[in-house]
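The values are calculated or read from the model by the stated rules, or taken from the named source; none is laboratory data. Since the structure is predicted, the reported quantities are computational estimates derived from the model, not experimental observations. As a convention, Cβ positions derive from the backbone with ideal geometry for all residues, glycine included, and neighbour counts pool all protein chains shown. For accessibility, only protein heavy atoms count, side chains too; no ligands or nucleic acids. Shrake-Rupley method; radii C 1.70, N 1.55, O 1.52, S 1.80 Å.
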Amino acid sequence: MTAEQAVHPSPNDSGDTGDALPGLFSRQHAAATLTFATVMFLTGFAALAVVPTLPTAAEDLDGVPLFPLVAGSFVAASLLGGVLGGHWADRSGARRPLALGMVLSVVTLLVSASSVSIWQLVVGRFVDGLAAGMVAVSVTTAIGQSYPEYLRPRMLAMMSASWIIPSLVGPPIAGVVAEAWSWRVVFYGLAALTALPAVALVAVLRRAPAGDAARAADLPPAEERASRPPLLVAALLSLGAALGQYGVSGWDTRHLLFVAAGVALLVVFAPRLLPAGTWRSARGLPTAVLLRGLTSGTYFTVEALVPLMLITERRVAAVTVGVAFTASAVLWAVASWVQGKLLQDVARHRLVTVGALVMAASVVFAVVGSFSGVSPLLAMAAMPLAAIGMGMLDPCVTVLSLSHSAPDRLGHTTSAMQTNMNLGQVVVLAFATAVLNAGLAAGASRLGGYAIAFSLLLVPTLLVAVLAVRARKDANP
């Protein structure tokens, strides 16, 4: 297809025989458009509403020591779900993994809502992560298979816009419901809201869109479209991440054995999914991938442990914590816009350094806010401040990564970024939890233990600030 055809597609390219090309809400595409938009809206609502509810659920189930496993199991499973869903979508189309992911999302909300123990909640979060990973990598493919090329940018923009309202109202509403009724009502309500769109999605995806057959005829055979991915490696990485998260919840011999097993699996198998030299910060792409893991791990840990401390130790209302989540989502978007529009002429690696320093400041807020004589609002401010840093640096890290990748390796690069993001979240949270529990075992107060754990997060943020120059665009790969 020529550039002119891409900009001005003919009716035959879109499968339309009239003069006017069908739009997103034409009779041909309306069902798919409404279904995808609704699914993305509810997916965003569920994702943003569940997270601030988890500390309350863990406390109610007498499972606060295992809270890092509750949070980390989602990430561990999404690593496997992403590899599985991406492979499935590449070889057979996105309909089945996307539909299965949505159905699993409903099932896992019911499993979590009915939890009678912290372990059932862990299982629910694990299955939810598996579903989320499958949905994340297959939704874009599904849009590509359901729409002609000229409509895909508009549909992707609508998908992004579908997260705006959930980021504003999801966390506060979840906090109000949890305070007024129960955290279980949040999960049951989200399951009910998601069930109908999930069924509609399955129905829409079962009906092949117009023009699909013609587009499919241009594709190479399935065996040429996707080589078999390292599913076993991804599964073992997920297992290692889960074992490590459980192991750091205690300090007896049994827990330490779990930690050793988890670390061994990560050390042996993680390099197989990452660019060579990632862990030693080789210049170019390896450093960019490393930065993604360090920054995501820090932000995820702040987002997990600060609300846990505020709700269980400082007795801050869940609805108030929900407001912090909303502020974080909004400020992340604002910072991302600023770096892309107002600071577009600044070198990307310099913005990564600035963003990392902002995140370091947020960690200081979390540490100081852990002291009993200080207002807990200071610790709560760490969340939106960290989001500002991430909104500034995260797009820059992505741009730097893609700048070091050949055109035929963009998919591989994106996969490596996603993998190390998940690994970073698991590893940093596990280290912070280990430090927290070590402090408690040594006789520190619970708030003192949190202060020590938050202090640890200064290490990855300052590392990112120092190493960002090694990922600059003119660095040797």
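Of the conditions (1) surrounded by 24 or more Cβ atoms within 10 Å (Cβ to Cβ); (2) modelled with pLDDT of 85 or more; (3) under 19 Å from residue 456 (Cα atoms), residue 328 clears all except one; give me its number.
So residue 328 meets the others, but not (3).
Consider residue 406 carefully, then state whether it is more than 24 Å from residue 323 (Cα to Cα), out of contact with any helix residue (DSSP H, G or I) (no Cβ under 7 Å at 6 or more places or on another chain) and not polar (S, T, N, Q).
For residue 406, the condition - more than 24 Å from residue 323 (Cα to Cα), out of contact with any helix residue (DSSP H, G or I) (no Cβ under 7 Å at 6 or more places or on another chain) and not polar (S, T, N, Q) - is met.
If residue 53 meets every condition in (1) open to solvent by 20 Å² or more (accessible area, probe 1.4 Å); (2) more than 16 Å from the chain's Cα centre (by Cα) apart from one, which number is that one?
Here residue 53 meets the rest and fails (1).
Between a residue in region 101-118 that is over 19 Å from residue 138 (Cα atoms) and any residue that is open to solvent by 20 Å² or more (accessible area, probe 1.4 Å) and among the basic types (Lys, Arg), which pairs come within a Cβ distance under 7 Å, given they are 6 or more apart or on different chains?
Close Cβ pairs (under 7 Å, with a partner that is open to solvent by 20 Å² or more (accessible area, probe 1.4 Å) and among the basic types (Lys, Arg)) amount to 113/184.
Can you tell me which residue in region 338-358 is surrounded by the fewest Cβ atoms within 10 Å (Cβ to Cβ), limited to those that are in a helix (DSSP H, G or I) and aliphatic (A, V, I, L, M)?
Among them, the one singled out is 338.
Filter region 426-456 down to residues that are open to solvent by 10 Å² or more (accessible area, probe 1.4 Å), part of a helix (DSSP H, G or I) and either on the phi > 0 side of the Ramachandran plot or aromatic (Phe, Trp, Tyr) (or both), then give me how many there are.
1
Count, please, the residues in region 56-78 that happen to be farther than 23 Å from residue 453 by Cα and open to solvent by less than 10 Å² (accessible area, probe 1.4 Å).
Residues meeting the conditions: 1.
Tell me which of these residue 318 doesn't satisfy, since it passes every other one: (1) at pLDDT below 85; (2) open to solvent by 10 Å² or more (accessible area, probe 1.4 Å).
(2)
Could you please find all residues in region 411-450 being within 28 Å of the chain's Cα centre (by Cα), over 19 Å from residue 264 (Cα atoms) and among the polar types (S, T, N, Q)?
Those that are within 28 Å of the chain's Cα centre (by Cα), over 19 Å from residue 264 (Cα atoms) and among the polar types (S, T, N, Q): 413, 414, 415, 418, 437.
Is it true that some residue in region 231-253 is at pLDDT below 75, among the aliphatic types (A, V, I, L, M) and closer than 30 Å to residue 330 by Cα?
no
Of everything in region 404-420 that's open to solvent by less than 40 Å² (accessible area, probe 1.4 Å) and assigned to a helix (DSSP H, G or I), which residue is modelled with the lowest pLDDT?
Going through the qualifying residues, I end up with 413.
Among the residues of region 359-377, is there at least one that is of a type in the set (Gly, Ala, Ser), touching an Asp or Glu at 6+ places or on another chain (Cβ under 8 Å) and at pLDDT below 95?
Checking region 359-377: not a single residue is of a type in the set (Gly, Ala, Ser), touching an Asp or Glu at 6+ places or on another chain (Cβ under 8 Å) and at pLDDT below 95.
Among the residues in region 384-393, are any modelled with pLDDT under 85 and either of a type in the set (A, V, I, L, M, F, W, C) or open to solvent by 30 Å² or more (accessible area, probe 1.4 Å) (or both)?
Within region 384-393, none of the residues are modelled with pLDDT under 85 and either of a type in the set (A, V, I, L, M, F, W, C) or open to solvent by 30 Å² or more (accessible area, probe 1.4 Å) (or both).
Within region 266-277, work out how many residues are part of a helix (DSSP H, G or I) and either in contact with a strand residue (DSSP E or B) (Cβ under 6 Å, 6 or more places away or on another chain) or under 19 Å from residue 82 (Cα atoms) (or both).
Number of matching residues: 6.
Filter region 359-383 down to residues that are assigned to a helix (DSSP H, G or I) and not hydrophobic (A, V, I, L, M, F, W, C) and give me whichever is surrounded by the most Cβ atoms within 10 Å (Cβ to Cβ).
Checked region 359-383; the qualifying residue surrounded by the most Cβ atoms within 10 Å (Cβ to Cβ) is 362.
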